[in-house]
Each structure stands twice: as structure tokens, then as C-alpha cells.
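These notes concern the structure reproduced below.
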Amino acid sequence: MSVLAQNSEDELGGDFSSHAEPYRRELLAHCYRMTGSLHDAEDLVQETLLRAWKAYDRFEGKSSVRTWLHRIATNTCLSALEGRQRRPLPTGLGAPSSDPTGELVERAEVPWLEPLPDVANDPTDPQTIVGSRESVRLAFVAALQHLSPRQRAVLLLRDVLQWKAAEVADAIGATTIAVNSLLQRARSQLESVRPSSEDRLTAPESPEAQDLLARYISAFESYDIDRLVELFTAEAIWEMPPYTGWYQGAQNIVTLIRQQCPAETTGDMRMVPLVANGQPAAAMYMRTGDAHLPFQLHVLDMSADRVSHVVAFLDDTLFPKFGLPERL
């Protein structure tokens, strides 16, 4: 956490904090959708709260506190995104699928898309949970990265937060005509980069998802790579930033794992089930000496009773963000 972020925590007055804190998690989701980065989103939420605290004495109540905070967060994100590269996944780089027997190419300098811990924090409202999860689904956030920051802001405020065009125009300093034009272009561009047939979102707590995730974890932990073939769809995709390649087809995925995974036997890999981006996920720990250390964080798309897409993030700095231990 930056010094600025820590200062904002120390300075928040009790009255302001009681009004603002209930919206922290949805502000985090909003900043994440805007940036595609969990690390950046956390800092931007702190910056948003600091700006809001400084302006709280001038808040006139013409809108709700929630709307006011999202307005500040949106403009904070727009300022932060000036001149920055978009955050892709390997599938978004435009290259064809890779040879699983070929050499892995790492590009650590690319600002890769990052996963997000589950933000559904109201278990009493299933509709709210489904809506919040769909809006942070990895495929959707990856598609958002193809939009300009202002297009992104307009689309999120209109289609996710359900603001009126006039409210969006006032928030970002544009005319209603300009907002409608940005929204039309954003929707059109989003449609062109989204997967041609997105699977229906499988609730991670559903019995089907739990069973499939358990079998997925079991296959890795027992080093039964052949069993993995049965768990993937025929056209399944595997990608693992910061490596640029992506791989399609169950057999190619299994070949890649055989060729590149450092595990050699049962027990080398251990996995912890979790939820990321509103999807089933698992944290993989690899045996190193006498302990298992953070290795990959898998986010899964599930189609019926099969896995259709895995993004395996090789970034151990993500593990603490998900409340995961530093070793097993």
C-alpha cells in the first residue's frame, strides 16, 4: 500500500467513514473494471476515498453518496489511465494459438490483466451476486481493455451501474450527445472482441461447479495428466501470462503441461479452491524443498460438465490479495 493510501486510511473521519466504507468493495470492482488491475484498483480506491474525504464538507446531497463516490472513482481512474497501455491476456495479443511443444516466450514488461477476488458481498440477494459477478467476469474485463478509457467509463456507468446519459455526461464533463455516441461505439467494439459464444456463467458454489473443480484439483495433485483430457472441452483454451502463448484443444493443453510443468510426481502440486472474477478458481502451490510455495492462480470457465478456458496467472504477488498463505 502506498504512503498516500495509508494516510487516507488514517485521516478518514468517523462520519465520512461510516458513509463511505459500505461502498468500498463495489468501488474496488468499478476501478478494477476500468483498469484491469487488482493492484491499481486498490490504490485508486484509496485515492478516491482521500479525494472524497477532502471534499466531504462540500457534498450537498444532490445525489446519493454511492453515486458521488463512483463519480469520483471514475474520474480518478480516467486520470490514472492517461497514456497507459491496455492490459491484455495472451489471447488478446492477436497471435494464433501456439505449439505446445515449442519454447515459452515470457514478456514480463507487458502490463497483463490481473484476476479479482470475489466481490459478491450480499449473500441475501442472489440477483445482486449474479449481476456483480457477471460484470467482473474475466472475459468481459478483457474485452473492456479494447475500449478507450472514456468509452470504458461510459459503458460501465450506463450498462453496469445503470446511470442515465445525463448523469454520465455530468460526471465526465461531456454532452449527452457525446455520451450516447461513446456508448454506441463502445457497445459495437465490445461485441466485436467478445468471444463468439460465451458460455452461461456457472455459479462457483453450484454442485456441478464444485464437483468439476474438485476433479480438476485432484487430477493435478495426483499428477494424473491423462485424466485432465477428460475434463476439458474439445476447443478448450489455456493461457498463462506473462507467457505470450495460448493453446487450444484438450490434447494440446495436456501436451503443454507434460512439456513445461516442473512437477514430476504425485504431491508436487497442491491446490486451494477459491473464487476469482465470480468464477471457479484454484491457487496452485508447487513443491520447493520441504514446502509448497505459490506458483499459479487458475481462473476457470466452465461449460456444462467441462472446463472450456483456463487462465493460469504466474504472479505470486496475487496470493496475499486472495487471503492465501505464503506456503503450504
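The values are calculated or read from the model by the stated rules, or taken from the named source; none is laboratory data. All of these numbers come straight from a predicted model, not from anything done at the bench. In this analysis, Cβ positions are derived from the backbone assuming ideal geometry, glycine residues included, and neighbour counts consider all displayed protein chains. Heads up: the accessible areas ignore ligands, DNA and RNA and are worked out on the full protein's heavy atoms, side chains in. Shrake-Rupley method; radii C 1.70, N 1.55, O 1.52, S 1.80 Å.
If you check S79 against the conditions, is it small (G, A, S) and part of a helix (DSSP H, G or I)?
So S79 passes the test.
I'd like to check something: does region 189-198 contain any residue that is without any contact (Cβ under 8 Å) to a residue 12 or more places away in the chain, within 25 Å of S98 (Cβ to Cβ) and not in a helix (DSSP H, G or I)?
Yes; the residues of region 189-198 include at least one that is without any contact (Cβ under 8 Å) to a residue 12 or more places away in the chain, within 25 Å of S98 (Cβ to Cβ) and not in a helix (DSSP H, G or I).
Report every pair of residues separated by at least 6 positions or lying on different chains whose Cβ atoms are under 8 Å apart, first residue within region 49-66 and among the basic types (K, R), second open to solvent by less than 50 Å² (accessible area, probe 1.4 Å).
R51/I72; R51/T76
For region 167-175, does any single residue satisfy the condition of being assigned to a helix (DSSP H, G or I), open to solvent by 10 Å² or more (accessible area, probe 1.4 Å), without any contact (Cβ under 8 Å) to a residue 24 or more places away in the chain and small (G, A, S)?
Checked region 167-175: no residue is assigned to a helix (DSSP H, G or I), open to solvent by 10 Å² or more (accessible area, probe 1.4 Å), without any contact (Cβ under 8 Å) to a residue 24 or more places away in the chain and small (G, A, S).
What about S79, is it modelled with pLDDT of 95 or more, open to solvent by 30 Å² or more (accessible area, probe 1.4 Å) and either under 18 Å from W112 (Cβ atoms) or hydroxyl-bearing (S, T, Y) (or both)? Can you show your working first?
Working: modelled with pLDDT of 95 or more: yes; open to solvent by 30 Å² or more (accessible area, probe 1.4 Å): yes; either under 18 Å from W112 (Cβ atoms) or hydroxyl-bearing (S, T, Y) (or both): yes.
Yes: the conditions hold for S79.
Take A203 and decide whether it is in contact with a helix residue (DSSP H, G or I) (Cβ under 9 Å, 6 or more places away or on another chain), open to solvent by 30 Å² or more (accessible area, probe 1.4 Å) and assigned to a loop (DSSP other than H, G, I, E, B).
yes
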